[in-house]
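Notes follow once the structure below has been shown.
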Amino acid sequence: MTITYPAIFTRHEDGSYEGYFPDLDGCVFSGKDIDEAINSAIEEEKNWIAVELEEDNGLPYVSDREDVELEENQFWRDIAVIIHMTEGWDE
């Protein structure tokens, strides 16, 4: 299953990035450059979702771009992860 949530990235003067997922409470990431930040975002989103699914919690709705206010040096990027659902499948 592919799950996509928006991430808000903030670029710092030194070229590093940090960010968060507005829909995933407490899910944050960072990186020394954009590639590292994107990889960190993917890993953090995947871990956050895995915990929620393992605990049988529902996943939150996805925000609309119009509902999220960006500050200076911030941008929105959709981050997709693939979650392999194996429970209930006979192998």
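The values are calculated or read from the model by the stated rules, or taken from the named source; none is laboratory data. None of these values were measured; they are calculated from a predicted model. Note that each Cβ is placed from the backbone with ideal geometry, even for glycine, and that neighbours are counted across all protein chains shown. Just the protein is used for accessible areas: all its heavy atoms, side chains included, with ligands, DNA and RNA removed. Shrake-Rupley method; radii C 1.70, N 1.55, O 1.52, S 1.80 Å.
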(message) Taking the 0 to 90 degree range and rounding to the nearest ten, how far is the long axis of helix 34-54 tilted relative to the main principal axis of the chain, both from C-alpha atoms?
(response) 30 degrees
(message) Give me the percent of accessible area attributable to carbon and sulfur for the chain, probe 1.4 angstrom.
(response) 44 percent
(message) Based on alpha-carbon atoms only, what is the radius of gyration of the range 9-69 relative to the globular estimate 2.2 N^0.38 Å?
(response) 1.23
(request) Can you find, among Thr2, Phe21, Leu70, the residue farthest towards the positive end of the dipole of the chain? Put +1 on the C-beta of Lys and Arg, -1 on that of Asp and Glu. (result) Leu70
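What does the charge count near Thr2 come to, summing +1 for each Lys or Arg and -1 for each Asp or Glu among other residues with Cβ under 13 Å from its Cβ?
Working: positive: Lys46; negative: Glu45, Asp78.
Residues close to Thr2 contribute a combined charge of -1.
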(request) Kindly report the accessible area of the range 11-91 per residue (heavy atoms of protein chains, probe 1.4 Å, no ligands, DNA or RNA), in Å². (result) 76 Å²
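When only Cα pairs under 8 Å and 6 or more residues apart are kept, what is the percent relative contact order across the chain?
Computed value for the chain: 38 percent relative contact order.
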(message) Starting from the 7 Å offset along Cα-to-Cβ, what nm value, one decimal, do you get for the label separation of Ile42 and Asp56?
(response) 3.2 nm
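Counting other Cβ atoms within 10 Å of each Cβ, which trypsin sites (Lys or Arg not before Pro) in the range 3-71 have at most 16 and sit in a DSSP loop? Kindly include the intermediate steps, with their values, before the conclusion.
Numbers: sites: Arg11, Lys32, Lys46, Arg65; in loops: Lys32.
Sites meeting the loop and neighbour criteria: Lys32.
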